[in-house]
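Remarks on the structure that follows.
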Amino acid sequence: MDFGTRIAGHPQQEQFRIVQPYRCNRCHGNLTESENLWRCDNCGNKISLYQGEVPVFYTLNSLANQDASLKKHLYDGILGKFYSFLMPFLSLPVRPLNRSVWQWILYVLIVAVLATGYGSIVDLFLGQMPSLLTGVLIFLSVLVTIFALSNRMFGWLLVLAIPLKLNHLVRNFEPKSSFTDIHQKIVDQHSERQRLKVLDVSTGTCNSLLRHGWINLDADYFGIDLSETMIIQGKMNCEKDGVEIKLALGDACDLPYEDTYFDLVLNYGAVNGYSDIEAAVSEMYRVLKPGGTMVIYDEQLYDERNFLEELYFSKVLSPHDMIHSCPTFAIPKGASYSVNQVYPYYYLCVVEKPG
């Protein structure tokens with residue numbers, strides 16, 4: 001991962017200056033590589049390198065309680081380790097059937113195990129001796145129950161998946177502008193420009209960066225996230241797709257980048273959960289070039305929702321959010337923006353910074 005330009009010097013004291021776009025998160029000074037870390041030329045602050053190459057711009061003590069909790073219990077937990085499968089599973093009731101076959105098969109198997117296991121427990125209390133297979137099913141049903149109780153999003157999903165799927169087969173949501181069309185418009189607007197700088201904040205597995213047309217641009221890509229678990233997956237996904245990206249571990253509320261460096265700043269499924277949403281949006285806007293575009297995508301219920309949809313939204317999709325709608329209050333004055341309800345549960349906000 002090439003982060004800068006090497007400075008000539010004594011053969012045994014060769015240094016590596018971080019030219020762009022990183023800066024010290026303590027004093028905003030320049031950074032120089034020294035052995036297995038980066039060091040601020042101004043204040044001496046040391047930036048460690050995760051796995052020897054990904055700079056770490058925060059400490060656990062520097063994080064707000066909300067952000068530290070999400071990192072520990074969500075993104076470094078079971079959801080983070082199996083993010084690419086479990087996140088689509090959570091959206092099972094609203095995904096097209098042809099894109100959720102394996103998730104529905106898993107759902108049916110889980111429900112079957114629970115029904116059979118608890119039925120066998122009843123038989124056991126009635127005096128019927130269990131077989132080996134029955135004992136295994138009882139054990140699995142107990143494990144699933146423990147998991148559902150400790151990860152309540154999945155517990156609520158088991159209850160709501162079928163009635164909510166039937167609900168959405170009856171209720172048809174039609175956006176004024178589609179998720180795909182809005183993305184394509186932005187990509188087309190930037191397609192003729194050369195060597196764009198693109199930053200994906202809370203990049204996670206880099207899935208959104210890789211899927212929505214951004215990698216078709218002539219650009220240098222940067223990603224930052226709070227979770228080592230997620231960054232590892234993002235690095236592997238980019239390598240698999242042949243996309244070069246410069247990754248960092250850092251706090252979205254205190255981005256370690258120069259002012260006005262990026263042409264595009266992206267944020268998918270994260271901003272509503274930040275401890276300080278205004279600071280995070282302000283930071284993303286700060287690093288955006290004049291004339292640049294910021295894209296924010298997160299949870300928001302559509303106006304015509306019913307009780308079942310509200311229950312699913314609050315219990316499954318957004319229980320960890322600090323707010324439940326687009327943070328228009330945080331968008332800096334002078335910026336132009338549009339908020340589009342692209343799905344029943346999600347908005348897409350496009351912010352333009354004046355040139």
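The values are calculated or read from the model by the stated rules, or taken from the named source; none is laboratory data. If you're wondering where the values come from, they're calculated on a predicted model, not measured in any experiment. All Cβ positions, even for glycine, are placed from backbone atoms using ideal geometry, and neighbour counts span all protein chains on display. Surface accessibility is based on the protein's heavy atoms, side chains included, excluding ligands, DNA and RNA. Shrake-Rupley method; radii C 1.70, N 1.55, O 1.52, S 1.80 Å.
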Residue check, S314 in a helix (DSSP H, G or I) and under 22 Å from H28 (Cβ atoms): no
Single condition K315 does not satisfy, out of (1) surrounded by fewer than 18 Cβ atoms within 10 Å (Cβ to Cβ); (2) over 22 Å from the mean Cα position of the chain (by Cα): (2)
In segment 1-46, residue modelled with the highest pLDDT [restricted to those that are open to solvent by less than 20 Å² (accessible area, probe 1.4 Å) and not in a loop (DSSP other than H, G, I, E, B)]: Y22
All positions within segment 273-288 that are among the hydroxyl-bearing types (S, T, Y) and surrounded by 23 or more Cβ atoms within 10 Å (Cβ to Cβ): Y274
Residue in segment 251-272 that is surrounded by 23 or more Cβ atoms within 10 Å (Cβ to Cβ), touching a residue at least 40 places away in the same chain (Cβ under 8 Å), over 23 Å from C40 (Cα atoms) and among the polar types (S, T, N, Q) present: yes
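Suppose the filter is under 23 Å from P290 (Cβ atoms), touching a Leu at 6+ places or on another chain (Cβ under 7 Å), open to solvent by less than 40 Å² (accessible area, probe 1.4 Å) and free of Cβ contacts under 8 Å to residues at least 40 places away in the same chain; does V198 pass it?
Details: under 23 Å from P290 (Cβ atoms): yes; touching a Leu at 6+ places or on another chain (Cβ under 7 Å): yes; open to solvent by less than 40 Å² (accessible area, probe 1.4 Å): yes; free of Cβ contacts under 8 Å to residues at least 40 places away in the same chain: no.
It is false that V198 is under 23 Å from P290 (Cβ atoms), touching a Leu at 6+ places or on another chain (Cβ under 7 Å), open to solvent by less than 40 Å² (accessible area, probe 1.4 Å) and free of Cβ contacts under 8 Å to residues at least 40 places away in the same chain.
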Close pairs from segment 120-141: first more than 21 Å from L106 (Cα to Cα) and free of Cβ contacts under 8 Å to residues at least 12 places away in the same chain, partner open to solvent by less than 100 Å² (accessible area, probe 1.4 Å) and not in a helix (DSSP H, G or I), Cβ under 9 Å, at least 6 apart: D123/P130
Scope segment 243-281; condition in a helix (DSSP H, G or I) and in contact with a helix residue (DSSP H, G or I) (Cβ under 7 Å, 6 or more places away or on another chain); matching residues: V271, G273, I277, E278, A280, V281
Qualifying position, being outside any helix (DSSP H, G or I), open to solvent by less than 60 Å² (accessible area, probe 1.4 Å) and in contact with a strand residue (DSSP E or B) (Cβ under 6 Å, 6 or more places away or on another chain), among S208, S177: S177
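Could you please find all residues in segment 148-161 being open to solvent by 60 Å² or more (accessible area, probe 1.4 Å) and touching a residue at least 24 places away in the same chain (Cβ under 8 Å)? Outline the logic, then answer.
If we filter segment 148-161 for residues that are open to solvent by 60 Å² or more (accessible area, probe 1.4 Å), which is where we start, we get 149-150, 152, 156, 159.
Listed by number, the residues that qualify are R152, W156.
Yes/no matrix, rows are residues, columns are (1) more than 22 Å from C326 (Cα to Cα); (2) open to solvent by 50 Å² or more (accessible area, probe 1.4 Å); (3) touching a His at 6+ places or on another chain (Cβ under 6 Å):
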position: I182; (1), (2), (3): no, no, no
position: N216; (1), (2), (3): yes, yes, no
position: I224; (1), (2), (3): no, no, no
position: A248; (1), (2), (3): yes, no, no
position: P290; (1), (2), (3): yes, yes, no
Given (1) among the charged types (D, E, K, R); (2) open to solvent by 50 Å² or more (accessible area, probe 1.4 Å); (3) in contact with a Pro (Cβ under 8 Å, 6 or more places away or on another chain), index of the condition K165 fails: (2)
Residue ranges of helices (runs of 4 or more DSSP H) in segment 47-123 with at least 3 members under 16 Å from G204 (Cα atoms) and either open to solvent by 50 Å² or more (accessible area, probe 1.4 Å) or modelled with pLDDT of 90 or more (or both): 83-90
Qualifying residues in segment 335-355 (those that are in a loop (DSSP other than H, G, I, E, B) and at pLDDT 95 or above) - the one least open to solvent (accessible area, probe 1.4 Å): Y345
Boolean, K235 is closer than 22 Å to I78 by Cβ and basic (K, R): yes
Residue within segment 334-353 that is in contact with a Leu (Cβ under 8 Å, 6 or more places away or on another chain), over 24 Å from S177 (Cβ atoms) and in contact (Cβ under 8 Å) with a residue 12 or more places away in the chain present: no
